[in-house]
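Laboratory data are not the source of any read-out in this text; all were calculated from the coordinates shown. Here the structure is a predicted model, which is why all the values come from computation and not from measurement. Here Cβ is always computed from backbone atoms with ideal geometry, including for glycine, and neighbour counts include all displayed protein chains.
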Amino acid sequence: MPKAYWIAHVTVTDSEPYALYAAGATEAFRKFNARVLARGGTCEQLEGDGHPRNVVIEFETLDAALSCYNSPEYQEAKNHRLGAGIANIVIVEGAG
């Protein structure tokens, strides 16, 4: 079964509530055995509209990635992010 990945492109506009989001989201990721592959490191935007923060998180399955996103833990954390930044998030199934 292929792995799945959260890919997020983010611009933080209010760092204080965003920090609360990051802490809560990290707990949700831990609960679902996710592995952060990239989070906010140096990047170079080559095409399209970019964001300064880019995140890639690996999950064992697509179901695990979706379950994490829909979990009460992540949804509670997400409430801190709303209004504290602009985020584009997609979950992608990996190549088999």
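Exactly one of (1) in a loop (DSSP other than H, G, I, E, B); (2) closer than 23 Å to residue 2 by Cα; (3) of a type outside the set (Val, Ile, Thr) is unmet by residue 38. Its number?
Of (1) in a loop (DSSP other than H, G, I, E, B); (2) closer than 23 Å to residue 2 by Cα; (3) of a type outside the set (Val, Ile, Thr), only one is false for residue 38: (1).
Quick check on the range 34-49. Is at least one of its residues of a type in the set (A, V, I, L, M), under 17 Å from residue 77 (Cα atoms) and over 12 Å from the mean Cα position of the chain (by Cα)?
No, every residue in the range 34-49 fails to be of a type in the set (A, V, I, L, M), under 17 Å from residue 77 (Cα atoms) and over 12 Å from the mean Cα position of the chain (by Cα).
From the residues in the range 1-25 that are under 17 Å from residue 70 (Cβ atoms) and free of Cβ contacts under 8 Å to residues at least 60 places away in the same chain, which one is surrounded by the fewest Cβ atoms within 10 Å (Cβ to Cβ)?
Per the stated criteria, the residue is 24.
Look through the range 62-93, keep the residues that are under 20 Å from residue 32 (Cα atoms) and in contact with a strand residue (DSSP E or B) (Cβ under 6 Å, 6 or more places away or on another chain), and return whichever of them is surrounded by the fewest Cβ atoms within 10 Å (Cβ to Cβ).
Here the answer is 90.
Identify all residues within the range 41-62 that are closer than 23 Å to residue 3 by Cβ and free of Cβ contacts under 8 Å to residues at least 24 places away in the same chain; write none if there are none.
41, 43
If residue 57 meets every condition in (1) assigned to a strand (DSSP E or B); (2) exposed (fewer than 15 other Cβ atoms within 10 Å of the Cβ) apart from one, which number is that one?
So the condition that residue 57 fails would be (2).
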